[in-house]
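One structure is given below, encoded as structure tokens.
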Amino acid sequence: MSIMGRQWLLAKREVASLRKSQATGKYLKEIMVAAKHGGPDPAGNARLFAACEKARKESVPRDAIARAINKGAGVGGEKMTFEHMAFEGYAPHKVPVIVEVLTDNHNRTAPEIRVLFKKGQLGNAGSNKFLFDHVGLVEAHHPDAGADIEAAAIEAGANEVEPLGHGQNDDIPEGGTGARFITERTAIHAVSQWLSQNGWTVVTSEMGYIPKNFPELTPEQRAEVGEFLQHLDDHDDVHRVWAALK
């Protein structure tokens, strides 16, 4: 192997470990936010339970998880200092995007996000929340491959449901039944609890944005939009990126 090849390998490893540490930071922020809004007990807080499971799956240390829960819930003197902000804008090819940010320094993060929008060639900031429905999203899976997702949605009190496969969410195992339940924002907890008590494993429980329409894109345009969204998501303070991209 050439020297160049070795350097590239090292760079690749460094990128992988950087991505992992970024992901760890994002998992811990999600745990803090969940604990702040729903209390420190995962058994009674579906969003926190889902966030802790994700973090454990990615080998985030248990003591880091425990500290994040305490910080979010304000237990033991440490307080969460993150502020939640949402930026509206457009990816290339006029694809509407909402970027949710958790930051401890608004003055640092806001200009950085605006720069990322500017760098996305045709990406730009601009009001677009009217193009999305602000809803509750609960993603879950059931071990029975023939589980009736429509019946579960009605029983749980969700407004809509759609099938969800492993390809769309890595937390959905292959072989069972995965589903995304769309709820009123106030019903997230109740829907999550019903599912948890009836054989479902909840992997996501949060508020989110669902696009009302999806622009028609060529494969090349989709790739450009995907690259732009990845740049946004790679920012340390970016918590969620919602885009009108199928």
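Per DSSP helix of 4 or more residues, -39500 (n - 2.57); summed, then divided by the residues of the chain. What does that give at 222 nm, rounded to the nearest 500?
Values: 7 runs with 107 residues, N = 246.
The helix-only estimate for the chain comes to -14500 deg cm²/dmol at 222 nm.
Around the Cα centre of the chain, unit charges on the Cβ atoms of Lys, Arg, Asp and Glu (plus for the first two, minus for the last two) sum to a dipole of about 960 debye. For the range 49-71 versus the range 220-237, the inter-centroid distance based on Cα atoms is 26 Å. What pairs in Lys29/Lys71; Lys26/Lys54; Lys119/Lys246; Lys129/Lys212; Lys26/Lys119 have C-alpha atoms more than 19 Å from each other? Violating the 19 Å limit, Cα to Cα: Lys119/Lys246; Lys26/Lys119. Dipole orientation for the range 60-131: of the candidates His93, His106, Ile65, His93 has the Cα lying most toward the positive pole (charges on Cβ; Lys, Arg +1; Asp, Glu -1). Once the gyration tensor of the Cα atoms in the chain is diagonalised, the equivalent ellipsoid follows with semi-axes of 29, 24, 21 Å, ordered largest first.
Around Gly89, what is the net charge, scoring Lys/Arg as +1 and Asp/Glu as -1 over all other residues with Cβ under 13 Å from its Cβ?
Numbers: positive: Lys94, Arg114, Lys118, Lys119, Lys129; negative: Glu88, Glu100.
Net charge in that neighbourhood comes out at +3.
Its residue count N fixes a reference of 2.2 N^0.38 Å for the range 147-230, and the Cα radius of gyration divided by that reference is 1.27. In plain terms, the chain from Glu216 to Ala64 could stretch by 50.4 nm, reckoned as 0.36 nm per residue minus the Cα-Cα distance.
Each residue of the range 145-161 was assigned a 3J(HN,Hα) from its phi angle through the Karplus curve 6.51 cos²θ - 1.76 cosθ + 1.60 (θ = phi - 60°); the sequence is 4, x, 4, 8, 6, 5, 5, 4, 4, 5, 4, 6, x, 7, 7, 9, 8 Hz, with glycine and proline shown as x.
Pairwise Cα distances in the range 21-108 exceed 19 Å in 44 percent of cases.
For the peptides 134-144, 214-224, residues were scored by their other Cβ atoms within 10 Å and the scores averaged per peptide; the highest-first order is 134-144, 214-224.
Residues with beta-carbon under 12 Å from that of Gly165, excluding Gly165: net charge, scoring Lys, Arg +1 and Asp, Glu -1? Intermediate values should be presented prior to the final figure.
Numbers: positive: Arg180; negative: Glu139, Glu162, Asp170, Asp171, Glu174.
Result for the neighbourhood of Gly165: -4.
Report the net charge of residues surrounding Ala35, where surrounding means a beta-carbon distance below 12 angstrom and charges are Lys +1, Arg +1, Asp -1, Glu -1.
Values: positive: Lys29, Lys36, Arg47, Arg67, Lys71, Lys79; negative: Glu30, Asp41, Glu78.
Value of the local net charge: +3.
Here, each number is a calculation from the coordinates, and none is a lab measurement. Since the model is a prediction, treat every value here as computed from it, not as a measurement. Positions of Cβ are generated from backbone atoms using ideal geometry, with glycine treated the same way; all protein chains shown enter the neighbour counts.
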